[in-house]
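To keep things clear, I will list the structure first and then write my remarks on it.
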Amino acid sequence: MADPANARTARRAWTVFVLGALTAFAPMSIDMYLPAFAQIGRELHASAHALQLSLVVYFVGLALGQAAWGSLSDRYGRLRPLRAGIVLYIVASLGCASASRIDVLLACRALQGLAGCAGIVLARSMVRDRYAGDAVARVFSRLALVLGVAPILAPLAGGWLVAHGGWRWVFGALAGFGLLCLAAVATLDETLPPALRRRQTLRDAIASYDTLRRDRVFMRHAALAAVTQAGMFAYILASPAVLIGLYGVTPQHFGLYFGANAAGLIVASQINHALLPRYGMARLLAFGVLALAAAAALLLLAAALGGLPWLLPPLFAFVAMLGFCMPNAMALALSAQGRRAGTAAALIGSLQYWFAACAGGLVALLPAGTALPMALVMAACAGTGLALQRSLARLAA
C-alpha cells in the first residue's frame, strides 16, 4: 500500500513541475527560435529589423494579454482560462510554422504572446492560491529551476531543429510543447473555488487594477520584478548580435554560452530557496539587487574595454543574481493580495513584458558594433532596480 505522505509529496512536486513548465512558455517561444533568425530572413526575404520586430511584438502580446487572463481567472477560476490560452497558443504556433510572409509571421507571433501569457500569469496565481508568506518565494524559486532549464535546452534544441528540418520545425515543436502542457494541466486541481471567485464587471476589473496601482508597496515590488527581468531580456535580444556577430562565436557554441548563464540562474535560485528560512525575502532581495548593480557596473567596464573574456564573467553574474531578485520581488508583491491574486499576477506580468519590450527597443535603437548598447540597457535596469529597492527600504522604515 502506498504511503500517503509520499504520495502527497510526489503530487506537490508534480504540480510545481507543471506550473514551472507553464511559466516556460515565454523562454521557450523566444530562445528556441533565436538560431533560426538567419534562415527565416533568407526564406521570407525579411530584414534584420523585421526579425527583431518578431521578438518585440511577442513581448507586446505578452504584456497586453496578461491583464485579460488575470481578470478572467479571478472570475472563472484558474483552469478554464488556462486551457483556453494553451489551445490558442497551439493554433498560433501552427500559424507561425505555415507562414509564407513576414507580416503573417509577425501577426502569429503577437497571437503567440497573447495566448502564451495565460500559462505564465495563471501559474503564478495558482502558487499564490496555495501558499503564503516565505512559502510563496520558495515555490517561485522552484519554478525558476524549471524556468532556468528552458534557456539551456531551447537554443540547443532550436539549433538542432533548424539544422535538420528547418525553421518551421521550431514552431511545430512549440505547438507540441503546448499540447504536452495541455495534457499536464488536465492533472491539476482547481485552486480557486467558486466561493472565492470575484463576479466582477469590466468596471470592477478596472477598479481592481486602480486599487493595485495606488498600493505603493505592491507597485514598487512589481516594478522591481519587471525592471530586473527587463535586463535579462535586453541580454537575450542582444546576445546573438554580440556573441555571434561581434565576437565570432559559432551558433553551436552560442547555445553553450547561453546555457551556462542560465545554469547560473538555476543555481542562484536554489541557493535563494535554501536561505529563505534563515534570512527572509526582503534581505535576500536587497542582496540580489545590490549584487546585480555591481555586476552591471563591471559589465559596462568590460564592454568598454572590449574582448569576450572580459565580458563573460560579469554577464554570468548578472544573470545569476536574477535568481535572488525575481522570486523574492514577485512573492513580496503578491503576499498581501489574497482574492486579487490573479489580477495582481497579471499586472506584474504585464509590467515585466512592457519593460522587456522597451529594453529590447532601446537595444535595437542604440548604435550597433559594440557590446555597449547591451551593457548600457542592462546597467540602466539594474540601477532602476536598486533605486526601487532603496525606496522600499524607506517605506518599510
Tell me yes or no: at least one residue of region 31-38 is small (G, A, S) and either under 18 Å from the mean Cα position of the chain (by Cα) or within 28 Å of S208 (Cα to Cα) (or both). no
Residues in region 244-252: is at least one assigned to a helix (DSSP H, G or I), modelled with pLDDT of 80 or more and polar (S, T, N, Q)? no
Among the candidates A207, A223, A263, A274, which residue alone is touching a helix residue (DSSP H, G or I) at 6+ places or on another chain (Cβ under 7 Å) and within 22 Å of L334 (Cα to Cα)? A223
Could you please tell me which pairs satisfy a Cβ distance under 9 Å, a separation of 6+ or placement on different chains, a first residue in region 174-188 that is among the aliphatic types (A, V, I, L, M), and a second residue that is not in a helix (DSSP H, G or I)? L174/M32; L174/Y33; L188/R78
Among the residues in region 90-102, are any closer than 30 Å to P194 by Cβ and among the basic types (K, R)? no
Region 260-281: number of residues that are more than 16 Å from F140 (Cβ to Cβ) and crowded, with 19+ Cβ neighbours inside 10 Å: 3
Flag if A195 is over 29 Å from L376 (Cβ atoms), part of a helix (DSSP H, G or I), of a type in the set (A, V, I, L, M) and modelled with pLDDT under 80: yes
State yes or no: is D103 touching a Pro at 6+ places or on another chain (Cβ under 8 Å) and of a type in the set (D, E)? no
Within region 154-177, track down each residue that is touching a Ser or Thr at 6+ places or on another chain (Cβ under 6 Å) and small (G, A, S). A175
Quick check on my filter: what residues within region 6-30 are among the hydrophobic types (A, V, I, L, M, F, W, C) and touching a residue at least 60 places away in the same chain (Cβ under 8 Å)? W14, V16, F17, V18, L19, A21, L22, A24, F25, A26, M28, I30
In region 60-83, is there at least one residue being under 23 Å from A13 (Cβ atoms) and touching a His at 6+ places or on another chain (Cβ under 7 Å)? no
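The values are calculated or read from the model by the stated rules, or taken from the named source; none is laboratory data. Quantities reported herein were computed from a predicted structural model and do not represent experimental measurements. When we count neighbours, we look across all protein chains shown, and the Cβ atoms used for this are built from the backbone with ideal geometry, even at glycine.
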